[in-house]
Amino acid sequence: MTKQSFAIIGLGRFGTSIASKLSEAGHEVLGMDVNEDRVEDGRDLVTHAVVLDSTEEEALKSIGIRNFDYVIVAIGNDLQASILSVLLLKELGVKKVIAKALNKRHGQVLEKVGADWVVHPERDMGARVAHQLLLPNVLNYIELSNEYNIEEIVIPPSMSGKSLRDLDLRAKYELNVIAIVQNQELFISPSPDQMLNAGNKIAVIGHRDKINDFVNMK
Ligand code: ADP
């Protein structure tokens with residue numbers, strides 16, 4: 001794994017959650033917050049932690065912000081600070097700026113001032129919860145476009161003992177199975193004769209409507 005460097009501005013719930021995952025994965029993580037208590041609380045989760053106001057250009061320059069591979073603006077409710085920080089980071093030449101938006105308008109402004117990736121945690125998590133409520137067998141999914149998804153689906157008991165050939169998902173639903181997970185083991189590009197057991201997971205790629213048809217099949 002290539003070690004990458006991340007700077008995280010704002011050590012609230014969102015920022016610290018990102019910081020700890022990246023640190024656990026072995027990357028270099030600098031955590032920053034204007035609030036000294038937040039910096040103290042987050043110190044053990046990151047490689048370095050500093051008290052810093054990201055709306056101050058000189059402060060950002062002094063820590064060499066443009067040398068980080070990614071800077072994540074995880075500021076909560078202060079829209080002005082969030083927008084100004086993204087603007088300054090891009091002006092200072094940071095290659096990849098990721099910013100958290102509170103709502104649609106905020107997200108649009110963040111994009112306008114140069115954010116490379118705007119995330120909407122509440123909106124996206126809400127959509128995921130709804131998706132999982134509607135399709136309880138779907139564990140995880142990636143939206144590839146407005147129409148196509150990759151979804152991880154739990155095999156129901158009714159399909160136990162059948163092979164991929166028996167299920168014939170390509171002909172019936174235009175779905176391609178790209179992997180099977182059996183007892184923690186991952187089989188990439190599985191053979192059509194591979195047998196499935198209840199509780200196994202398959203990752204399928206295909207049209208969202210067809211995936212729904214398959215998951216809702218009786
Ligand atoms: P959440 O918990 O939802 O992630 P919070 O509002 O609790 O959001 O956390 C955002 C953090 O961002 C706070 O700790 C706050 O002190 C910090 N913050 C706000 N403005 C700045 C700024 N200009 N520079 C650095 N940190 C900031």
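Table for the structure above
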quantity	calculated
Qualifying position, being within 14 Å of the chain's Cα centre (by Cα) and either in a helix (DSSP H, G or I) or small (Gly, Ala, Ser) (or both), among ARG128, ARG105	ARG128
Considering residues of the range 40-69 that are β-branched (Val, Ile, Thr) and near the ligand (Cβ under 9 Å from one of its atoms) only, the residue nearest to THR2 (Cα to Cα)	VAL51
Scan of the range 143-158 for residues that are of a type in the set (A, V, I, L, M) and closer than 19 Å to PHE187 by Cα, ordered by number	ILE150, ILE153, VAL154, ILE155
Extreme residue, nearest to ASP209 (Cα to Cα), among residues of the range 124-138 that are surrounded by 14 or more Cβ atoms within 10 Å (Cβ to Cβ) and free of Cβ contacts under 8 Å to residues at least 12 places away in the same chain	HIS131
Residue satisfying condition, being within 14 Å of SER5 (Cα to Cα), modelled with pLDDT of 95 or more and within 15 Å of the ligand (Cβ to nearest atom), within set ILE83, ILE72	ILE72
Given (1) near the ligand (Cβ under 9 Å from one of its atoms); (2) closer than 24 Å to LEU88 by Cα, index of the condition GLU36 fails	(1)
Check on LEU88, within 15 Å of the ligand (Cβ to nearest atom) and either at pLDDT 95 or above or assigned to a strand (DSSP E or B) (or both)	yes
Top-ranked residue of the range 164-214 - restricted to ones that are closer than 18 Å to SER145 by Cβ and more than 25 Å from the chain's Cα centre (by Cα), ranked as surrounded by the fewest Cβ atoms within 10 Å (Cβ to Cβ)	GLU174
Filter result (surrounded by 14 or more Cβ atoms within 10 Å (Cβ to Cβ) and over 16 Å from LYS96 (Cβ atoms)) within the range 54-77	THR55, GLU56, GLU57, ALA59, ILE63, ILE75, GLY76
Where GLY10 falls short, out of the listed (1) over 17 Å from the mean Cα position of the chain (by Cα); (2) within 12 Å of the ligand (Cβ to nearest atom); (3) without any contact (Cβ under 8 Å) to a residue 40 or more places away in the chain; (4) under 20 Å from ALA115 (Cβ atoms)	(3)
Complete set of residues in the range 66-85 that are of a type outside the set (Asp, Glu) and not in a helix (DSSP H, G or I)	PHE68, TYR70, VAL71, ILE72, VAL73, ALA74, ILE75, GLY76, ASN77
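The values are calculated or read from the model by the stated rules, or taken from the named source; none is laboratory data. The shown structure was predicted, so the numbers you read here are calculated from the model rather than taken from an experiment. For neighbour counting, all protein chains shown are included, and Cβ atoms are generated from backbone atoms with ideal geometry for every residue, glycine included.
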